[in-house]
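FYI, it's all coordinate maths here, none of it is from the lab. Being a predicted model, the structure only gives us computed values, none of them experimental. Counting neighbours? That spans all protein chains shown, and the Cβs are built from the backbone with ideal geometry, glycine included.
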Amino acid sequence: MEDITKRPIGIFDSGVGGLTVVKEILKELPKEDIVYFGDTARVPYGSKSKEVVYNFSCQIINFLLEKNVKMIIIACNTVSSNCYEELRQKFPNVPIIEVLGQGVNSAISYTKNKKIGVIGTEATIKSGRYEQKIKENLKEAKVYSRACPLFVPIVEEGCLNDNISYWVSKKYIEDFKEFDIDTLILGCTHYPLLKDSISNFVGENINIINPAIPTALTVKKYLIENNIQNLYGGKCEFFVSDKNDKFDFISSMILNKECNAEKINIEKY
Ligand code: DGL
């Protein structure tokens, strides 16, 4: 009989952003095998319609299932906020964990004054999903949301915490101070890579939530509870829909290890 523990975990995003989730997973679960897919040919997702994002996600999940993954992590808030339920219905036989719900739970446990900021892609903010989920769990919460569409291209270009990301953070975040929030959710997996720039403008004593961290804890809990944790692996494979040097360079920087992604034709799935 096949040993399910040895099967890899599938993780995907539009580009390098989901690697912030891989990083946290590797901290918690260093012996898991991982198959990562970054949709570099079609990034950004945040400016696309729900229907397009859903179709891209279906192709990617089909690809990951072909890789025999034991579970899937949606390391993308745009996908989580727009089509998590639909994807669960479409793929009922594989466990799927997403980042949005994890970020909401953390924010709710941190906030004292119940004023929570959320930054994300246009599609994530437009979906209203963060606000809805926060208020489902904390009725009196006040949620201040903002789309920051320039952040993703900045990260994909590798401009991490430099002058450009500093000035763009200033433009997007500076007036958040007026809202008196005590918690800010980084509602896009690319944004933790700009955390130093962003934190310049949110004011002191604000909890900046990176949903990747609770996501990794939830994945670990799930694997242990279901007796499917791998204690003997640790291999990471990276796939992309378009190969450029930047992906390997930025990935190596994020994960602190050599990455050499393989290009695949995602359209055929
Ligand atoms: N990193 C993704 C997210 O969390 C997607 C960003 C994009 O491609 O626009 O939303």
What order, most packed first, do the peptides 21-28, 6-13 have when packing is the mean number of other Cβ atoms within 10 Å of each residue? 6-13, 21-28
At 0.36 nm per residue, and after removing the present C-alpha to C-alpha distance, how many nm does the segment from D175 to S49 gain when stretched out fully? 42.5 nm
Using r as the Cβ-Cβ distance of K126 and E237, and R0 as 30 Å, what FRET efficiency do you calculate, to the nearest 0.05? 0.35
Evaluate segment 142-269: find the radius of gyration of its Cα atoms, find its Kirkwood radius, and give the ratio Rg to Rh. 1.03
Counting other Cβ atoms within 10 Å, keep those with at most 10, restrict to DSSP loop, and tell me which GluC sites (Glu not before Pro) in segment 190-255 are left. E204
I'd like the projected area of the chain, averaged over all directions, using the convex hull of its alpha carbons. Report it in nm² with one decimal. 13.6 nm²
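State which entries of K70/K220; K170/K243; K67/K126; K133/K268; K67/K263 exceed 23 angstrom in Cα-Cα distance in the structure shown.
From the list (K70/K220; K170/K243; K67/K126; K133/K268; K67/K263), the Cα-Cα distance tops 23 Å for K170/K243; K67/K126; K133/K268.
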Report the residue, chosen from Y45, Y232, Y110, that carries the largest GNM mean-square fluctuation when the chain is represented by alpha-carbon nodes joined by springs under 10 Å. Y232
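Highest mean first, what order results for 153-161, 121-129 on Cβ atoms within 10 Å?
On the way: 153-161: 18.0, 121-129: 21.6.
Sorting 153-161, 121-129 by mean packing, highest first, produces 121-129, 153-161.
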Under a point spin-label approximation (7 Å from Cα along Cα-to-Cβ), what is the E225-K257 distance to one decimal in nm? 2.7 nm
To two decimal places, what compactness ratio does segment 1-126 give when its Cα radius of gyration is scaled by 2.2 N^0.38 Å? 1.09
